[in-house]
Amino acid sequence: MLSKIVIRNVGVLRAFDTPNAPKLEKLTLFYGRNGRGKSTLTSVLRAARDGEAATVLGRQSLGNGGAAPEVALIAAAGNIVFKNGAWNTKGAPVEVFDTTFITDNVYAGELIDLAHDRGLFSVIIGEDGVRLAKHLERFNTITKSCATALKDAEAALADDVPFDISKEEFFALGPNPDYARRLDAAERGLKAVQQAEKIAALKALEALIMPELPGGLAAVLAGTIAHIDASARGRLLEHFKRFGFDKKGEAWISYGVEHIHDDACPLCGRDDVNAEGMVSLYGQIFGETYKAHLGTITAAATELEDGLGEDARTALAGKIATNADWATKWADYVALGEELPDVSELGAHIADAHRDAKALLDRKRSSPLDVIEAIDELAAVGASLNSARELLDKYNAAVEAINEVTKRAVAAAPTTEAAATLARDNVKKRIARHDLGVQSRVDAYYRAKRRDERAKNTRTKIQKALKKANEGAAEHYHQRVNYYLGRFSANFTISKITNSMQGNAGQADYGLLIKGETVSRGRGRQADTIPTFRNTLSAGDKTTLALAFFLAKLDNDATLDCKTLVVDDPLSSHDSHRRRETVNAIKDLCGRCLQVIVLSHDEFLLREVERRCVGVSCAAFQIEFDGGDEWSCATAVDLDKLCRAGHAKLTEELVAFVDERTGNADDVVLKVRQVLETHYRRSYTAYFAHDRNLGQIVRDITDEGASHPCHRDLGRLDNCNDATCDKHQGDNAVVVLKRGVDPDELRVVAADALELIGARKSAPASAGAARPSPAVNLLGDP
């Protein structure tokens, strides 16, 4: 739904805007006298529907410095804008009824021609039918030489199309970045066939095995000898302190005890080395259990060295290098699609784990009986190995993928060099699909093929569809147009509508049925002696017939609830009954359309539409010239006030002058006389003729005297006449200039006039006071 219309520099609508007015509503009414731009506004809305720029450009405002036309139709569904000579979209959801619809589809001027038949045909068959008709008309221009052109175009493509796909598949190919890879694979495939013996000697890549820590490393570090009691350990510790042994002392003594013979010291050769009982203590601690415990530690250290040591890391690096070499050789013949990942950090991670684990075992070996939990150190070792494992897993996945690719490539490789060459050439042709030369030959083929197909197949299908649409639409319009003609009390109906494709451009025809006789539409100039549309239909009948067709068209529109309906002056030459039915039709459309916009120079019609459409949100505007340059703008208007009688308007202006001092005194002088004259003429028709002016009314009352029903008003009437009689005439050229209007005096006179016509209560007179009777002016108006 349109919420606002902005038109600049089109016709007299140089700056048509509604900046201070309410937004457009579901029912929007525009009032404007002729020449204010209503037809221009309607034409702009039709141009928005058709996406047509010529109408807007052709109505560019003159005398405006050449400013370019601009239009903005503001809608919730998206703004429709005309700028820089073009619409931003085509197909605004708008339907328009105006004189252009009548002229294009029903009747114009003094005759009906082929253009009217075709225009009506387009209305009857609807948008879908129009599209079908246009297709059929276009197809009839391309039926010659299509078979020969198609054959020649196909022959020209013989060397362009790959052998393994059809022409249609080849035409549908688009640029594909994968073609470079496929060509590379085809080149490798050809090379593989040519060097099959070398490929047979290539080996698959070898997956790497993840090195592991010694089993139960944490348990080895935490292990000790449980049966050695605390007193023995304490005595040994005191002994170490006495001689200044560090942690290595334990291992040194353990080694020395093994070499004591005959109670003689292996270092100094002195006998009786156990005199102090220390040798017995050493034996208690460093016995067989201790040796087994030490052996477990040594075995763990050996296992660590075998799994993570330098030799193991060197062997792993060798396998990585070997795999890289095989992958490079495979790549000469097969597009591997995946590269071996960088595992240069693998050795560093394993070395870090080896270093940290070895440090823990070295600590354990130096103090085998100490419990080493080393939670953080073991966690660091685990983190290093996890990093190594992630690299290794990624590497092995790539190895597996490459091995699978090479396996498939070997299995699918062409068996002959000729087949491999053909496969490569097919890829090259695919790559060349969008080369300029190939594209031009494809385009030529498509052009020839479209001509051939349209001539042989599509034309028949479209004709069948168009015939079906014609039959259904013609019956609908025959029924609905006659229905609306009946509602408008037209004294004629239409005959069955016939649609034909004569001349390969659709056209519609029908006749009138008047009092049982058929009257043809009469295309072209017809003799005056022959009954035709021109001499049997009045101007009102022609408008009624066009409106009936338009309403029937809306009845056949499934998308009407999404459209804005524009009706411009629908009552041309309509009588009161057709006027009422037209208002009823607009009321009905308010419930079926998204929005209804009515434009008219008849304010009373618009007020009637507003009153009939009770419950429908309504906005009314008046299109009027703004300033002295005769450029139109739209402002909100109250239709009730717009339709008031002139007498009521004048009375309100006098009230405003008396109560609020608004208005020009020179203008109010005339309005005082007009209000009094109108009141007394209408109220006392038996006493005053319809053209008696105020001075004459005063004279008539004076002449008849006290028997006149208005004699009680004589004094005040004469005062009003005297105060205003010389303000509405020209100056006397001989005597003297008339005096100016005194606004204060005029307010008293205007108040008297309002009291005389009953528009204001009379002020109560003071006790005993008598109202002076001024001299009666018998001159009045000349």
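The values are calculated or read from the model by the stated rules, or taken from the named source; none is laboratory data. Bear in mind that the values here come from a model prediction, so they are computed numbers and not experimental data. Glycine gets a Cβ as well: all are built from the backbone with ideal geometry, and neighbour counts include every protein chain shown. In case anyone asks, the SASA skips ligands and DNA or RNA and just uses the protein heavy atoms, side chains included. Shrake-Rupley method; radii C 1.70, N 1.55, O 1.52, S 1.80 Å.
Observations on the structure shown:
- When segment 647-666 is filtered for residues that are touching a helix residue (DSSP H, G or I) at 6+ places or on another chain (Cβ under 8 Å) and either open to solvent by less than 70 Å² (accessible area, probe 1.4 Å) or without any contact (Cβ under 8 Å) to a residue 24 or more places away in the chain (or both), the ones remaining, listed by number, are His647, Leu650, Thr651, Glu653, Leu654, Val655, Phe657, Val658, Thr662, Gly663, Ala665.
- Residue match in segment 566-573 (condition: part of a loop (DSSP other than H, G, I, E, B), over 29 Å from Lys23 (Cα atoms) and not aliphatic (A, V, I, L, M)): yes
Quick grid of which residues meet (1) within 51 Å of the chain's Cα centre (by Cα); (2) open to solvent by less than 30 Å² (accessible area, probe 1.4 Å):
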| site | (1), (2) |
| --- | --- |
| Ser366 | no, no |
| Asp370 | no, no |
| Gly382 | no, yes |
| Thr406 | yes, yes |
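- Looking only at segment 550-568, residues that are buried (at least 20 other Cβ atoms within 10 Å of the Cβ) and either modelled with pLDDT under 85 or of a type in the set (Gly, Ala, Ser) (or both) come to 1 in all.
- Any chance Asp128 is buried (at least 16 other Cβ atoms within 10 Å of the Cβ), closer than 27 Å to Asp555 by Cβ and either modelled with pLDDT of 65 or more or among the acidic types (Asp, Glu) (or both): no
- Where helices (runs of 4 or more DSSP H) fall entirely within segment 166-217, those with at least 3 residues that are open to solvent by 70 Å² or more (accessible area, probe 1.4 Å) and at pLDDT 80 or above are at 167-172.
- Filtered residues of segment 679-700 (kept if at pLDDT 90 or above and β-branched (Val, Ile, Thr)): Ile697, Val698
- Scan of segment 321-337 for residues that are open to solvent by less than 50 Å² (accessible area, probe 1.4 Å) and out of contact with any Leu (no Cβ under 7 Å at 6 or more places or on another chain), ordered by number: Ala331, Tyr333, Val334, Ala335, Leu336
- Residue in segment 592-601 that is farther than 24 Å from Arg46 by Cβ and either more than 34 Å from the chain's Cα centre (by Cα) or surrounded by fewer than 17 Cβ atoms within 10 Å (Cβ to Cβ) (or both) present: no
- Which listed residue is closer than 29 Å to Cys146 by Cα, among the charged types (D, E, K, R) and loosely packed, with under 13 Cβ neighbours inside 10 Å, from Asp452, Asp443: Asp443
- The single condition from (1) farther than 17 Å from Asp306 by Cβ; (2) open to solvent by 20 Å² or more (accessible area, probe 1.4 Å) that Asp362 fails is (1).
- Here Lys83 does not fit the description of being more than 19 Å from Thr55 (Cα to Cα), at pLDDT 65 or above and not small (Gly, Ala, Ser).
- If you go through segment 462-475 and keep only what is crowded, with 17+ Cβ neighbours inside 10 Å and within 36 Å of the chain's Cα centre (by Cα), you end up with Ile462, Leu466, Ala469, Asn470, Ala473.
- Picking from residues in segment 493-521 that are open to solvent by 50 Å² or more (accessible area, probe 1.4 Å) and modelled with pLDDT under 75, the one that is nearest to Lys464 (Cα to Cα) is Met501.
- Residues of segment 348-401 satisfying the condition of being part of a helix (DSSP H, G or I), under 27 Å from Ala292 (Cα atoms) and of a type in the set (Val, Ile, Thr): Ile375, Val381
- Residue match in segment 629-639 (condition: of a type in the set (Val, Ile, Thr) and open to solvent by less than 30 Å² (accessible area, probe 1.4 Å)): no
- Count of residues meeting criterion [open to solvent by 50 Å² or more (accessible area, probe 1.4 Å), at pLDDT 85 or above and more than 30 Å from Arg459 (Cβ to Cβ)] in segment 142-165: 1
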